[in-house]
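First up is the structure itself, then whatever we jot down about it.
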Amino acid sequence: MDKVIPKVHAEEEEEEELVDPMTVLREQCTTEHCQSLKDKYEACNDRVNSRSATTESCFEEIVDFLHCVDHCVAPKLFSKLV
């Protein structure tokens, strides 16, 4: 006696592309909350890149900008990770 194993064909559905909530929050915080620090960093970066020999770096500006973004994202992020 042969066993009959039924075959089940699942309907092919389009899967939603997963979006990292941290990426979305970072973009929102960059444009809404930290835009002035981003502008300062970009101005510094443009200034440094326009010179052939300089000892200036934009370390302080990038640290301030990233700190602002992280400070904005942190309280909102964990509510998205349910």
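The values are calculated or read from the model by the stated rules, or taken from the named source; none is laboratory data. Bear in mind the structure is a predicted one, so any value in this text is a computation, not a measurement. Heads up, the Cβs are rebuilt from the backbone with ideal geometry, glycines too, and the neighbour counts pull from every protein chain shown.
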Exercise. Go through segment 22-70 and give me each residue that's within 23 Å of LYS80 (Cβ to Cβ) and either modelled with pLDDT under 90 or basic (Lys, Arg) (or both).
Key: ARG26, LYS38
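Kindly indicate whether any position in segment 33-43 is in a helix (DSSP H, G or I), of a type in the set (Ser, Thr, Tyr) and exposed (fewer than 12 other Cβ atoms within 10 Å of the Cβ).
At the first step, the residues of segment 33-43 found to be in a helix (DSSP H, G or I) are 35-43.
Narrowing further to those that are of a type in the set (Ser, Thr, Tyr): 36, 41.
Still in the running and exposed (fewer than 12 other Cβ atoms within 10 Å of the Cβ): 36.
Yes, because at least one residue in segment 33-43 is in a helix (DSSP H, G or I), of a type in the set (Ser, Thr, Tyr) and exposed (fewer than 12 other Cβ atoms within 10 Å of the Cβ).
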